[in-house]
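J.: I'd like to ask you about the structure that follows.
The values are calculated or read from the model by the stated rules, or taken from the named source; none is laboratory data. Every value quoted in this text rests on a predicted model; they were computed, and no experiment measured them. Cβ placement follows ideal geometry from the backbone for every residue including glycine, while neighbour counts extend to all protein chains displayed.
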Amino acid sequence: MKRIGVVVCVLAVAAVLSCEREQPAVKTNPGASAVKAAAAAIFLTGDELGEMKPCGCSGGQLGGLDRRRAAWSDVVAESRMVLDTGRLVAGDGEQDMIKLSLIVEAYRMLGYDAVNLTAHDLERMRHQGLMDSAAAGLKLISAEAPPTVPLDPSVRKVLQVDGKSVPVTVATFNTMRQGAEGIGALFPGGITDGGIEILLIDRCDLGVLNEIRGQWPGLDCIVCRSDIDEPQILAQQRPLAISLGHFGRYVSRLDIETTAGGPRLRYSKVPIREELPRDKQQIELYRTYQLLVKEADLLERVPRMPEPHGLKFLGSKACEPCHKYSYGQWSTKAHANAMDSLVKVGSQYDPECVVCHVVGMKYEGGYVNEEQTPQLNHVGCESCHGPGSAHVSDPSSVKTVGDAPAVCKTCHTPEKSTGYAGHEAEYMQKIVHWPEP
């Protein structure tokens with residue numbers, strides 16, 4: 001029932017927002033001059049892995065569905081093609097499935113022409129009952145669909161480029177299932193100089209990549225799936241070969257240029273920065289995600305490990321009687337109000353966010369929610385020093401067990417805290433709460 005509820009809720013949101021689909025993005029810098037429309041381009045995203053919005057409170061992170069439309073807003077609809085190469089979510093949990101439903105709806109709202117589905121995407125989409133609803137607004141392609149799911153392996157769109165019609169065909173190919181000789185059949189119009197042919201492959205194996213480039217030199221671009229977070233150019237000469245990176249931090253752009261020998265592609269990557277205009281539809285869709293996460297009570301159902309030392313979390317107030325100076329200093333720092341930043345943006349029920357803003361959420365006896373464990377709210381003493389039950393019982397002989405500097409790096413990662421790496425000493429000064437020598 002919960003799965004059906006998610007789909008129904010998403011469809012209801014889609015109905016409400018559909019009348020706004022052609023509205024411009026919300027302007028964050030209304031004084032900026034207009035950008036001249038580009039001639040024609042193909043825009044590629046992939047490996048979303050559930051990252052609807054960048055994680056982190058320090059600012060400077062790239063990504064976010066609410067800013068993505070800005071990557072192609074300078075190209076008119078009849079001169080652009082927008083496609084996702086797959087891996088929509090990372091796992092199979094309930095939170096992943098909520099994200100999957102909303103990401104599919106986001107792509108529809110953003111005007112995607114097609115989405116390539118991996119085997120994992122297909123399985124999850126079918127399990128959630130999303131295949132029919134997605135097909136109503138999106139062209140789905142796949143090289144990994146079973147015979148019972150008749151999906152095309154390619155999509156074709158004719159773009160207007162400098163007053164001319166240029167057919168663009170994007171085909172997907174599973175290198176583990178068949179040899180490179182079968183690639184030609186994926187392009188119904190053939191691989192010609194009169195159009196653009198792009199091949200999506202399932203892995204960035206250089207041997208396979210070079211075999212395909214050697215056997216099919218007429219291809220314009222090969223896009224492969226990589227485990228590297230940043231987009232990469234793997235081969236400059238035609239066929240151009242690229243990977244797209246992860247988490248929607250960049251949109252890969254292939255501008256179409258007309259030449260005497262036919263249309264050619266010029267690659268660039270568009271970083272999805274904080275200063276880009278935000279899209280009202282995607283802002284509202286993310287609020288729907290936050291509501292669904294709250295209603296699913298995911299915080300209470302987070303898998304929790306036993307505390308390895310058999311200790312218990314007591315909350316920072318338990319430390320105050322013996323550590324008045326440190327407690328007083330800590331209470332003036334940002335860590336002492338860490339959950340407030342989540343409340344401000346409506347993410348206080350999202351376990352992926354909350355885990356770095358409270359005490360011990362990964363462990364039995366750790367934070368559950370504001371009602372059940374208010375003493376473990378915010379980043380407290382035990383977040384860094386470990387559960388304090390034994391130390392409070394016998395302060396003279398039992399020390400706390402945490403390794404504070406190592407714990408910092410579990411939350412201050414490059415993805416969540418962009419300025420931390422290389423500036424650890426500066427960050428440490430921000431939380432000084434111990435008596436200085």
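J.: When the range 108-135 is examined, which residues are found to be hydroxyl-bearing (Ser, Thr, Tyr) and surrounded by fewer than 21 Cβ atoms within 10 Å (Cβ to Cβ)?
T.: Correct list: Tyr112, Ser133.
J.: I would also like to ask the following. Here's a check for you: in the range 169-206, which residue that is farther than 20 Å from Phe43 by Cβ and among the acidic types (Asp, Glu) is surrounded by the fewest Cβ atoms within 10 Å (Cβ to Cβ)?
T.: The residue in question is Glu181.
J.: Which residue, of Val379, Val401, is modelled with pLDDT under 90, hydrophobic (A, V, I, L, M, F, W, C) and either in the same structural domain as Gly360 (by TED's automatic domain parsing) or over 14 Å from Ala318 (Cα atoms) (or both)?
T.: From the options Val379, Val401, the qualifying one is Val401.
J.: Just for helices (runs of 4 or more DSSP H) wholly inside the range 303-401: which have at least 1 residues that are closer than 30 Å to Gly50 by Cβ and out of contact with any Lys or Arg (no Cβ under 6 Å at 6 or more places or on another chain)?
T.: 338-345, 351-354, 381-385
J.: For the range 336-350, which residues satisfy the criterion of being in contact (Cβ under 8 Å) with a residue 60 or more places away in the chain and buried (at least 19 other Cβ atoms within 10 Å of the Cβ)?
T.: Asp350, the sole residue that qualifies.
J.: Which pairs have Cβ atoms under 6 Å, sit 6 or more apart or on different chains, and link a residue in the range 355-369 that is within 16 Å of Ser341 (Cα to Cα) to one that is among the hydrophobic types (A, V, I, L, M, F, W, C) and outside any loop (DSSP other than H, G, I, E, B)?
T.: Sorted first by the residue in the range 355-369, then by its partner, the pairs are Cys356/Cys411; His357/Ala338; His357/Met339; His357/Leu342; Val358/Leu376; Val359/Leu376; Asn369/Leu299.
J.: Further, regarding this structure: Do you know which residues across the range 136-157 are surrounded by 13 or more Cβ atoms within 10 Å (Cβ to Cβ) and either under 16 Å from Tyr112 (Cα atoms) or among the hydroxyl-bearing types (Ser, Thr, Tyr) (or both)?
T.: Listed by number, the residues that qualify are Gly137, Leu138, Lys139, Leu140, Ile141, Ser142, Ser154, Val155, Arg156, Lys157.
J.: Output the strands (runs of 3 or more DSSP E) that fall wholly within the range 91-194 and possess 2 or more residues being within 20 Å of the chain's Cα centre (by Cα) and closer than 27 Å to Leu209 by Cα, or say none.
T.: Where strands (runs of 3 or more DSSP E) fall fully within the range 91-194 and carry at least 2 residues being within 20 Å of the chain's Cα centre (by Cα) and closer than 27 Å to Leu209 by Cα, they are 114-116.
J.: For the range 305-319, give me the residue count where each residue is closer than 12 Å to Gly388 by Cα and touching a Phe, Trp or Tyr at 6+ places or on another chain (Cβ under 7 Å).
T.: 3
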